[in-house]
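Since the structure comes first, as structure tokens, the remarks are kept for the end.
The values are calculated or read from the model by the stated rules, or taken from the named source; none is laboratory data. Since the model is a prediction, treat every value here as computed from it, not as a measurement. When we count neighbours, we look across all protein chains shown, and the Cβ atoms used for this are built from the backbone with ideal geometry, even at glycine.
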Amino acid sequence: MEMARRIKFLDTTLRDGEQTPGVNLNLQEKLEIALALERLGVDYIEAGFAIASVGDFEAVSGIAKALKSTGVVSLSRALEKDIDRAWEAVKNAVSPRIHTFLATSDIHMKYKLKMTEAEVLENSAKAVAYAKKYTNDVQFSPEDATRSRPEFLYKVLEGAIKAGATCLNIPDTVGYTNPEEYTKFLKGIMENVSGIEKVDISVHCHNDLGLAVANSAAAALAGASQIEGCINGLGERGGNAAIEELVMLFNTRRDYFDLEHNVDTTKIHRTSKLVSSLTGVMVQPNKPIVGANAFAHESGIHQHGVLEERSTYEIMTPESVGLTSNTMVLGKLSGKHAFVQRLDELGITPATDEEVSKAFGKFKALADRKKEVLDEDLIALVGDKSDSVAKKFELVSFQISSGNRMINTSTVQLKVADDVVTKAATGDGPIDASYQAIADICGYGFKLKEYTIRAVTGGHDALGEVHIKIEYDGKIYMGRGISTDIIESSILACLSAVNRIG
Ligand code: KIV
Ligand code: ZN
């Protein structure tokens, strides 16, 4: 019997996903997501673009040091200084990889790169050879591959293989292709590029026309051995292929795809929640696999069918993606042991004893305000790393006076260095007034660009999670705050955004 082929997943949530407009994660948040992705079982994590900023560099190198088995990748343009920086960032990883790229489509070469075909051919091979001096594991991407002239692309790919590339990624950068065309395109590469059988063929599909998952699946059937994507389908513009959808597709239709992978599907739900919670990008309710309605049956006929026999309307079980009907409820009488055990079951155990104690402290404080502490609460609490980042401004207290026929006033007290500063301000509502008071204390005249609030769970005592985006000095900063009191979550979100400035 023939063995199923193994497909690798490269997760780029922290690189392409972080290019989602308005998303900017701090080091602690990126580390938390990287650890969750390692537990999920992806093969590689593209942790950032090391030369892009100091923050990106620190995130890639921090993740490279923290992960125990997963490969860590940094993106780099086809430039020596980028490759130097990428290597500096990934060199401490158990499996480091440099990913270098150069566009090959006429449009990109003419208008963006202002390079001739000959220059692109030469520079791509040179970049791979340069990266190869540092590590054996070098990935090359001809950007905008699917809009490139095939004969030219073959030459570039052949040059990259000769220079030592171990993985060739064929990106559909602008989400332009379709499954049938992509299949032919990839077959063309496999038939015309000498040495291609020695390297991994990777695909990286954008979702501009809603085909990213379909195109990636077609590529897997055509023989690709690596698929790139992001959790919750995050990414530039319409996003990247959603990894969770591909994984469940391969599992549910094992009969058709006959592919094996290393992903533990029962960790999908919590990873998705964590990514949504930390990035502030909500998951649409009808999103496959991880949307709130993905396993809900509304119509009476469907409910009847499922009650009789689940498989009538259920092609995969909620349990297979980690949705459990857990009956063990944590509350204020729960001890540390039960707390740690539940975290362990959720796969989110903090790394050090100190972090466990901190998380337990947060849990106790929450249990005082909320009768039942549910899994979603724990994911939100443990994912909240705001207290592990050095903060310029910290909340001491706030007091509001608000109503529909009065001037809304908020008095906010913040710890600023060794001082406590108090300011009162008025506004259209209690949140507006509080934000004005914070702006007065911090001296930042920021503009609120976006504000969303969601209940982490159901119930009157649910945690309210607030995500905001503020604009200051031409830049956007995001902030997140959670509390059972929505004014407090709003203030904490504002402080978390303000603390990212400078
Ligand atoms: O979409 C794209 O082409 C990319 C490359 C850098 C791989 O993100
Ligand atoms: Zn991309």
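Listing for the model above:
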read-out: Flag for V23 being of a type in the set (A, V, I, L, M, F, W, C) and modelled with pLDDT of 95 or more; value: no
read-out: Condition check for D137: within 14 Å of ligand 1 (Cβ to nearest atom) and either of a type outside the set (A, V, I, L, M, F, W, C) or not assigned by TED's automatic domain parsing to the domain that holds P96 (or both); value: no
read-out: Residues satisfying the stated conditions in region 182-216, i.e. touching an Asp or Glu at 6+ places or on another chain (Cβ under 9 Å), more than 16 Å from ligand 1 (Cβ to nearest atom) and in a helix (DSSP H, G or I); value: M190, N192, I196
read-out: I189, sole failed condition from (1) out of contact with any Cys (no Cβ under 8 Å at 6 or more places or on another chain); (2) within 16 Å of ligand 2 (Cβ to nearest atom); value: (2)
read-out: Candidate set from region 41-70 (those that are away from ligand 1 (no atom under 16 Å from the Cβ) and within 27 Å of V120 (Cβ to Cβ)); member that is surrounded by the most Cβ atoms within 10 Å (Cβ to Cβ); value: F57
read-out: Considering residues of region 276-310 that are part of a loop (DSSP other than H, G, I, E, B) and among the polar types (S, T, N, Q) only, the residue modelled with the lowest pLDDT; value: S299
read-out: Members of region 154-181 found to be among the aliphatic types (A, V, I, L, M), within 13 Å of ligand 1 (Cβ to nearest atom) and either closer than 16 Å to Q226 by Cα or in a helix (DSSP H, G or I) (or both), listed by number; value: L168, I170
read-out: Subset of region 472-502 that is among the charged types (D, E, K, R) and part of a strand (DSSP E or B) - its residue that is surrounded by the most Cβ atoms within 10 Å (Cβ to Cβ); value: R480
read-out: In region 89-113, the residues that are among the β-branched types (V, I, T) and under 25 Å from G55 (Cα atoms); value: V90, V94, I98, T100
